[in-house]
Amino acid sequence: MKGRTGFFALLLVLGLCLSLSACTPAYESVSFFAMDCYMTIQAKGANALFALAECKDYILSLEDKLSATNAQSELSLLNASGQLPLSDESASLLSQALSLSKECEGYFDITVRPAVEAWGFPAQDFRIPSAEELSLLRSAIGYEKIEHTGNIFTLGQGQKVDLGAIAKGYASCKVSAMLRNAGIDSALVVLGGSVEAIGEKDGNTPWRIGVQHPDGGDNYLGICHLTDACMVTSGDYQRYFEQDGKRYCHIIDPFTACPAQSDLRSCTVICTDACRGDALSTALFVMGREKALDYWQKAGDFELILYTKEAQLYITEGLRSRFQSDLPVEVVSRGQ
Ligand code: AMP
Ligand code: MG
């Protein structure tokens, strides 16, 4: 008798699950490689499949314009000639990048490209430039030397621009707007280290996003809950080389023209604008823990997860109820 009751109970649960899944349509998703990383976008709703295909096409077209490796991209043509009339989209992104460089006090600076090349990051042909070379590289860095009149951009002497620290965040902002315009109110946009959550998962629970541990493996620093928010991470583990026991990462300190040597291993920004979050995560990584937290104290419109070379994990107070970790966590409060 007991066995038959259990069987009927199982049927009831199965029936309930089936009827629930019939009412809750599954997420559609699209995955592809672009801008040097894996991207996955998932969305739910009547127009989801069509909207996702449009998002993918948009990101691939953006990559065509901004790729530093494709010699025919607008960005490469600007870098080669020093002056170019840009398309509206590239001009608007470059203008945003310039104002974010100012906002980030020059720690985010799109003119680091010659230094990125000199250290061998694009070709993965790593080397340490000489002191004379570094001095020349430093003198060419400076976003304020870029001039523009309308869409015509003119670079300073010896300058090249690199949008790698902002392009994915910008793309995330754009595709999230495209998804919302298509009537989608639940989606997750994962473009490499940039994650943007639209609405809630299944409309009833925050998206739970793992923050990668810089030591790799399946480890997470913790899980962050996101609803209509984005999370962008910069770290020393994404692209780097090691020489004589020292790690040189792909994020350049614009004031030294050398790979950033702050006390951070990773810097995660949680905010509502992925483009700004992308620029901030790069800039605050270069600044290091103390200056990054000072910057956070003054700004007040984003939250931070910082992991240091001493294996300390810090979160800012706005994440207290939105971040879970098995590691010891220090919560930084306002005015502290
Ligand atoms: P992210 O992973 O967003 O921090 O971006 C890092 C990429 O942006 C690097 O691979 C470089 O191409 C470029 N980059 C490196 N350092 C900087 C910097 N300080 N400001 C702007 N772009 C940078
Ligand atoms: Mg960035």
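The values are calculated or read from the model by the stated rules, or taken from the named source; none is laboratory data. Here the structure is a predicted model, which is why all the values come from computation and not from measurement. Cβ coordinates were reconstructed from backbone atoms using ideal geometry, including for glycine residues, and neighbour counts include every protein chain displayed.
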- [ ] Select from segment 214-249 the residues that are among the polar types (S, T, N, Q) and buried (at least 16 other Cβ atoms within 10 Å of the Cβ) and write down the one among them that is nearest to ligand 2 (Cβ to nearest atom).
- [x] SER234
- [ ] Take segment 296-328 and flag every residue that is modelled with pLDDT of 95 or more and touching a helix residue (DSSP H, G or I) at 6+ places or on another chain (Cβ under 9 Å).
- [x] TRP296, PHE302, GLU303, LEU304, ILE305, LEU306, THR308, GLN312, TYR314, THR316
- [ ] Filter segment 266-296 for residues that are more than 10 Å from ligand 2 (Cβ to nearest atom) and either β-branched (Val, Ile, Thr) or in contact with a His (Cβ under 7 Å, 6 or more places away or on another chain) (or both) and give the result.
- [x] THR268, ILE270, THR272, VAL286
- [ ] Name the one entry in SER194, SER172 that is under 19 Å from TYR220 (Cα atoms), within 14 Å of the chain's Cα centre (by Cα) and within 16 Å of ligand 2 (Cβ to nearest atom).
- [x] SER194
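Considering only residues of segment 115-131 that are in a helix (DSSP H, G or I) and in contact (Cβ under 8 Å) with a residue 60 or more places away in the chain, which is surrounded by the most Cβ atoms within 10 Å (Cβ to Cβ)? Talk me through it step by step, then tell me what you get.
Residues of segment 115-131 that are in a helix (DSSP H, G or I), as a first pass: 115-118, 131.
Filter once more, keeping what is in contact (Cβ under 8 Å) with a residue 60 or more places away in the chain: 115-116, 118.
Numbers: ALA115: 26, VAL116: 21, ALA118: 19.
Checked segment 115-131; the qualifying residue surrounded by the most Cβ atoms within 10 Å (Cβ to Cβ) is ALA115.
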- [ ] Would you mind telling me which numbered condition in (1) in contact with a Ser or Thr (Cβ under 7 Å, 6 or more places away or on another chain); (2) of a type in the set (Phe, Trp, Tyr); (3) away from ligand 2 (no atom under 16 Å from the Cβ) TYR143 fails?
- [x] (3)
TODO: Specify the residue that is surrounded by the most Cβ atoms within 10 Å (Cβ to Cβ); the eligible residues are those in segment 296-314 that are closer than 19 Å to ASP273 by Cα and either of a type in the set (Lys, Arg) or touching a residue at least 60 places away in the same chain (Cβ under 8 Å) (or both).
DONE: ILE305
- [ ] May I ask you to list the residues in segment 26-62 that are at pLDDT below 95 and more than 20 Å from the chain's Cα centre (by Cα)?
- [x] ALA26, GLY45, ALA46, ASN47
Open item on the list: Can you report the number of residues in segment 193-244 which are hydroxyl-bearing (Ser, Thr, Tyr) and more than 16 Å from ligand 1 (Cβ to nearest atom)?
Closed with: 3
- [ ] Can you confirm whether segment 33-40 contains a residue that is under 19 Å from ALA167 (Cα atoms) and part of a helix (DSSP H, G or I)?
- [x] no
Open item on the list: Every residue in segment 318-328 that is surrounded by 13 or more Cβ atoms within 10 Å (Cβ to Cβ) and over 16 Å from ILE209 (Cβ atoms), please.
Closed with: LEU327
